[in-house]
Structures are given as structure tokens and as C-alpha cells.
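Note sheet for the following structure.
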Amino acid sequence: MLYLDGNEKVVSYQYEAIKIPYVSNKKTGKTRNYLPDFLIKWDDGLTEVVEIKPKRKLEGAIVKKKVTAGEMWCAVNGMSWRILTEDGLKALGLIK
């Protein structure tokens, strides 16, 4: 959040601001809500949904369902989707 606060290109951001429904159990059709980490509005007009996850968790079944739901939700709602792993955080200089 310090990175976002200090980034002059960030107009605003919110933490866990949106709920994205996803099917958690195909057999029963049970749905749950997924709350991505950040909703960021950039000065170029782009609105981006960002999820921060360790690389080792990206192959998990639940994470894959959430990622798919997030990508689809963003596409329908005209927003950009991004997952940041430790590699992305390192590239931004946020972790070593």
C-alpha cells in the first residue's frame, strides 16, 4: 500500500473492494465470493484488479477457479487483471 500511496500515477485504490462470484463446486453448483486484493484506478483511465499470490500457490485448484473468475469478471467490466507474485514484487523493488 505504501507503493500505491507514493505512486503519482495512482488516482485511487481500494483493498478488497469488489466481490467476484465463482463456482467452488461444479457438482453442487455452490458459489462463493472472491475478494481480489486491490482495485486500482490509474491516471491514464485504466482500472486494474490486482491479486498478490506466491508463485507456489498459483497451481492450486481454488486459486485457479478464482483467477478464471477474476479474468472473466474484468473482461466483462472493462477492467484489467493482474497477478503479482514475488517476482513482480521484486521487479517493483517492493521485496528483496
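Nothing in this text is a laboratory measurement; each read-out follows from the coordinates by a stated rule. Here the structure is a predicted model, which means the values were calculated and not measured. Every residue, glycine among them, receives a Cβ derived from its backbone with ideal geometry; neighbour counts consider all protein chains shown.
Where helices (runs of 4 or more DSSP H) fall entirely within the chain, those with at least 1 residues that are among the charged types (D, E, K, R) and within 16 Å of the chain's Cα centre (by Cα) are at 61-76, 86-91.
Screening Lys53, Lys96 for residues that are among the charged types (D, E, K, R), more than 19 Å from Tyr15 (Cα to Cα) and either in contact with a helix residue (DSSP H, G or I) (Cβ under 7 Å, 6 or more places away or on another chain) or surrounded by fewer than 12 Cβ atoms within 10 Å (Cβ to Cβ) (or both) leaves exactly one candidate, Lys96.
Looking only at residues in the range 56-84 that are in contact with a Ser or Thr (Cβ under 9 Å, 6 or more places away or on another chain) and under 23 Å from Lys9 (Cα atoms), the one that is surrounded by the fewest Cβ atoms within 10 Å (Cβ to Cβ) is Gly78.
How many residues are over 18 Å from Leu2 (Cα atoms) and in contact (Cβ under 8 Å) with a residue 12 or more places away in the chain when one looks only at the range 13-35? Give the derivation first.
From the range 13-35, those over 18 Å from Leu2 (Cα atoms) are 18-35; that's our starting set.
Of the ones still in play, those that are also in contact (Cβ under 8 Å) with a residue 12 or more places away in the chain are 18-24, 33-35.
Of the residues in that region, 10 qualify.
Taking the criterion of being of a type in the set (Phe, Trp, Tyr), farther than 21 Å from Val11 by Cα and without any contact (Cβ under 8 Å) to a residue 60 or more places away in the chain, would at least one residue in the range 37-45 satisfy it? Looking through the range 37-45, none of the residues is of a type in the set (Phe, Trp, Tyr), farther than 21 Å from Val11 by Cα and without any contact (Cβ under 8 Å) to a residue 60 or more places away in the chain.
Just so you know, in the range 15-31 the residues that are within 17 Å of Lys64 (Cα to Cα) and not basic (Lys, Arg) include one that is surrounded by the fewest Cβ atoms within 10 Å (Cβ to Cβ), and it is Gly29.
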